[in-house]
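In what follows, a single structure is set out as structure tokens and then discussed.
The values are calculated or read from the model by the stated rules, or taken from the named source; none is laboratory data. Note that the structure is predicted; figures quoted are calculated from it, not measured. Note that each Cβ is placed from the backbone with ideal geometry, even for glycine, and that neighbours are counted across all protein chains shown.
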Amino acid sequence: MYRIAPSILSANFARLGEEITQVVASGADWIHFDVMDNHYVPNLTIGPLVCEAIRPVTGATIDVHLMVKPVDRIIPDFARAGANVITFHPEASEHVDRSLGLIRDSGCQAGLVFNPATPLHYMDHVMEKLDVVLLMSVNPGFGGQKFIPETLNKLRAARDRIDAYEARTGRRILLEIDGGVKVDNIAEIARAGADTFVAGSAVFGAGRDGDPNRYDTVIGALRAELAKVGA
Ligand code: DX5
Ligand code: ZN
């Protein structure tokens, strides 16, 4: 019912494989993979080489969040590197429908990412090509920022559109949230309609380095909060 997707942006990159093994063993469903180009967003992170390197480490879904412009050139590289889900920001593509098609043609699930001020109508005419809608609850570029409360209203509006589409077609689109998700707000975010939760600093910042149970504790706490929400 709910998916938890730790963002490796906050992991220890000196031992990335081990970090991924540990969060998955602690119950993470997806691995969220933040790609930044110091152009579309003011930060620079990781690309297809790192995706390829972590692919053999885990069977978990690799959820690639592209914060790059342009997007099309790099899509097949991520598909070849083992990505399962690829999402991008509509403002970063000249041809949103084509980019979504490229992702699906390369065998991945496709999604659009909405910045805090990006209107939801970008999804209206491409619902057929969407597997995931990702709402940013911070401005993209950095981990460890504070959840923007207006996102709760936006989540409710996105939930309505996705539910109406599902009622019409029988096809389910996931609603993912990214930014500032913590143990103390995840239940409220789920009640507003999210079903997939990215958490970077909340997961990888938890506990003490070297403590083998550090991720069990925080992922368990996130799940306990979600259990209070029910179906
Ligand atoms: C921000 C990234 C997020 C980030 C979330 O641009 O897209 O995925 O890692 O980090 P937290 O959970 O710390 O806000
Ligand atoms: Zn992200």
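Here are a few things to note about the model shown:
- Checking Glu176 against (1) surrounded by fewer than 21 Cβ atoms within 10 Å (Cβ to Cβ); (2) outside any helix (DSSP H, G or I), the condition it does not meet: (1)
- Cβ-Cβ under 9 Å pairs, at least 6 apart or on other chains, the stretch 69-87 side free of Cβ contacts under 8 Å to residues at least 24 places away in the same chain, far side assigned to a loop (DSSP other than H, G, I, E, B): none
- One residue alone among Ala28, Ala53, Ala14 is touching a residue at least 24 places away in the same chain (Cβ under 8 Å) and more than 16 Å from ligand 2 (Cβ to nearest atom), and that residue is Ala53.
- Criterion (within 17 Å of the chain's Cα centre (by Cα) and surrounded by fewer than 17 Cβ atoms within 10 Å (Cβ to Cβ)) met by exactly one of Thr118, Thr87, Thr45: Thr118
- Residues that are of a type in the set (Lys, Arg) and either under 24 Å from Ala167 (Cβ atoms) or assigned to a loop (DSSP other than H, G, I, E, B) (or both), drawn from the stretch 89-144: Arg104, Lys129
- The stretch 192-206 residues that are under 14 Å from Leu135 (Cβ atoms) and away from ligand 1 (no atom under 12 Å from the Cβ), paired with ones that are at pLDDT below 95 and not in a helix (DSSP H, G or I) (beta carbon under 8 Å, 6 or more apart): Asp195/Met1
- Set Ala158, Ala202, Ala194: member being under 24 Å from Val41 (Cβ atoms), crowded, with 18+ Cβ neighbours inside 10 Å, away from ligand 2 (no atom under 12 Å from the Cβ) and over 15 Å from the mean Cα position of the chain (by Cα): Ala158
- Scope the stretch 69-84; condition out of contact with any Ser or Thr (no Cβ under 6 Å at 6 or more places or on another chain), in a loop (DSSP other than H, G, I, E, B) and surrounded by fewer than 21 Cβ atoms within 10 Å (Cβ to Cβ); matching residues: Lys69, Pro70, Ala81, Gly82
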